[in-house]
Amino acid sequence: MLGLCFHTKKLSGRVKISGSKNAALPILAATLLTDEKCVIRNVPDLEDVRITFALLRKMGKRIKFENNTVEVKGRLRNGALPEKLVRKLRASVLVMGPVLSRLGEGSFALPGGCALGERPIDIHLKGLKAMGASYSVLRGRMLFRNQRLKGAHIKLSFPSVGATENLLMAASCASGVSLIENAAVEPEIIDLCRFLKAMGASIKSAGSSYTVSGSPVLGGADFTVMPDRIEAGTFILAAAAVGGKVRIDGAEPDHLKALIKKLKASGVKINEKANSLIIIPPKITKPINIITGPYPEFPTDLQPLWAVYMLRAAGVSRIKDKIFPARFMYVDELKRLGAAMALKNAVLVINKSILSGTNLRACDLRAASAMIIAGLMADGQTRVYELRHLFRGYENFFGKLRKLGANVSMEKVKK
Ligand code: EPU
């Protein structure tokens with residue numbers, strides 16, 4: 001599939017935000033902590049979610065998915081994670097915590113690198129080791145020996161989102177109490193904690209620490225996933241970059257404070273309501289620098305979109321990514337549209353640019369949405385190839401953009 005984007009003068013209207021991908025993935029992994037039925041609502045229909053279903057099925061679960069509601073049933077039988085699925089989905093490492101705390105053993109293919117740069121899992125493994133897990137590596141797989149996990153005091157060397165989620169799940173069914181310090185506090189993790197608590201887990205959070213009292217069994221739960229703050233941020237930045245008044249429904253403004261602050265500084269007017277935001281872009285955009293960091297700092301997932309927005313700013317702006325310092329693979333592609341951007345010592349420097357359409361290749365999920373929005377700003381026609389990256393993380397992206405008046409469509413790539 002490729003995306004066809006034509007110059008669009010402005011966006012207008014309303015867009016409804018879907019359930020959060022990055023909350024749904026760990027919550028689906030957490031269903032492995034019980035053999036009872038779980039019903040999870042507001043689950044976005046995405047490639048990454050479907051791969052997670054395949055993974056859960058391999059481990060013994062039965063899945064029914066209809067109208068964004070998933071029913072997960074069945075006993076966790078198999079603790080072996082196949083390489084094919086691990087390669088397809090990095091978040092598959094999230095089943096390690098639940099599997100080890102339930103079964104005490106497992107065999108997981110090592111995840112590879114990805115377009116965002118090196119992505120080690122040492123923080124996950126160090127935490128699991130502190131809880132008593134031990135493993136050896138054989139033919140690209142980590143083999144965990146039969147060992148019941150015990151509660152432990154773990155201080156993360158960096159507040160990794162995935163490691164925090166893995167360890168919270170592991171601690172929920174381990175024996176004894178765990179204290180996880182210097183942990184991540186992203187809203188998706190708080191949503192996972194809410195789900196674990198609904199399953200009967202005992203979790204207390206204070207600042208960047210979590211205290212978890214393990215219990216041998218958790219029960220089923222009926223739960224609704226939070227709205228996707230990165231999807232909301234994407235449409236907010238689409239409106240700011242392309243222009244036009246857009247209303248974002250179903251978003252949680254509290255989760256978007258860092259973005260809203262920077263947008264206001266750049267001149268965007270934002271009317272915040274309980275569950276919606278109205279975005280009114282300025283006539284002249286001020287250049288604003290951003291540095292990404294762990295929540296509540298500016299999210300790394302929105303930096304490629306901020307870069308595209310800053311192409312219309314009257315002056316020079318800069319981006320530094322503290323989470324994925326190499327997340328600038330999209331820059332060379334945007335340059336092909338005429339974007340005046342350059343990387344200097346891992347800082348992206350952006351100048352006001354007039355864009356003209358050409359062929360681009362998406363390199364990751366957020367780069368894909370950034371390229372499509374840049375394509376709407378550019379004169380003429382832009383083709384964005386490798387759209388599969390987009391389908392991994394956005395539900396009905398083209399449909400939602402079209403509803404806002406964007407001139408976009410999808411086409412099959414001719415072989
Ligand atoms: N890191 C380590 N060792 C580890 C784990 C992480 O060095 O054991 C490093 C990473 O290499 C990276 C940094 O720590 O430089 C942050 O990684 P983190 O573990 O926090 O990220 P993640 O759990 O792999 C999640 C999201 C990403 C999002 C990041 C940062 C999911 C499924 N993925 O990844 O989302 O960018 O947190 O907020 O929740 C996306 O949705 O497009 C996406 C990439």
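The values are calculated or read from the model by the stated rules, or taken from the named source; none is laboratory data. Given the structure is predicted, the values throughout are model-derived calculations rather than measurements. Note that we place each Cβ from the backbone using ideal geometry, even for glycine, and neighbour counts take in every protein chain shown. Ligands, DNA and RNA are excluded from the accessible area calculation, which covers all protein heavy atoms including side chains. Shrake-Rupley method; radii C 1.70, N 1.55, O 1.52, S 1.80 Å.
Of the residues 151, 176, only one is surrounded by fewer than 16 Cβ atoms within 10 Å (Cβ to Cβ), away from the ligand (no atom under 16 Å from the Cβ) and touching a residue at least 24 places away in the same chain (Cβ under 8 Å); which?
It is 176.
Taking residues in the range 28-39 that are within 12 Å of residue 75 (Cβ to Cβ), and partners anywhere that are part of a strand (DSSP E or B) and open to solvent by less than 10 Å² (accessible area, probe 1.4 Å), the pairs with Cβ atoms closer than 8 Å and at least 6 places apart or on different chains are 31/38; 31/40; 31/72; 37/72. Under the condition of being open to solvent by 10 Å² or more (accessible area, probe 1.4 Å) and at pLDDT 95 or above, the residues counted in the range 366-386 number 6.
Considering only residues in the range 44-63 that are in a helix (DSSP H, G or I) and of a type in the set (Asp, Glu), the one that is nearest to the ligand (Cβ to nearest atom) turns out to be 48.
Restricted to strands (runs of 3 or more DSSP E) entirely inside the range 288-373, those with at least 1 residues that are of a type in the set (S, T, N, Q) are 290-292, 317-321, 347-351, 359-361. Any residue that is of a type in the set (Lys, Arg), in contact (Cβ under 8 Å) with a residue 12 or more places away in the chain and more than 24 Å from residue 20 (Cα to Cα) - is there at least one of those in the range 104-119? No: the range 104-119 contains no residue that is of a type in the set (Lys, Arg), in contact (Cβ under 8 Å) with a residue 12 or more places away in the chain and more than 24 Å from residue 20 (Cα to Cα). What number goes with the only condition from (1) more than 12 Å from the ligand (Cβ to nearest atom); (2) of a type outside the set (Phe, Trp, Tyr); (3) in contact with a helix residue (DSSP H, G or I) (Cβ under 6 Å, 6 or more places away or on another chain) that residue 365 does not pass? Every condition holds for residue 365 apart from (1).
Rundown of residues vs (1) open to solvent by 10 Å² or more (accessible area, probe 1.4 Å); (2) at pLDDT 95 or above; (3) assigned by TED's automatic domain parsing to the domain that holds residue 331, yes/no style:
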position: 240; (1), (2), (3): no, yes, yes
position: 257; (1), (2), (3): yes, yes, yes
position: 267; (1), (2), (3): yes, yes, yes
position: 275; (1), (2), (3): yes, no, yes
position: 286; (1), (2), (3): yes, yes, yes
position: 306; (1), (2), (3): no, yes, yes
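Inspect the range 155-173 for any residue being at pLDDT 95 or above, away from the ligand (no atom under 16 Å from the Cβ), open to solvent by 50 Å² or more (accessible area, probe 1.4 Å) and assigned by TED's automatic domain parsing to the domain that holds residue 92 and give the result as yes or no. No, because not a single residue in the range 155-173 is at pLDDT 95 or above, away from the ligand (no atom under 16 Å from the Cβ), open to solvent by 50 Å² or more (accessible area, probe 1.4 Å) and assigned by TED's automatic domain parsing to the domain that holds residue 92.
A single entry from 392, 312, 327, 388 fulfils the requirement of being closer than 21 Å to residue 256 by Cβ, within 16 Å of the ligand (Cβ to nearest atom) and in contact (Cβ under 8 Å) with a residue 12 or more places away in the chain: 327.
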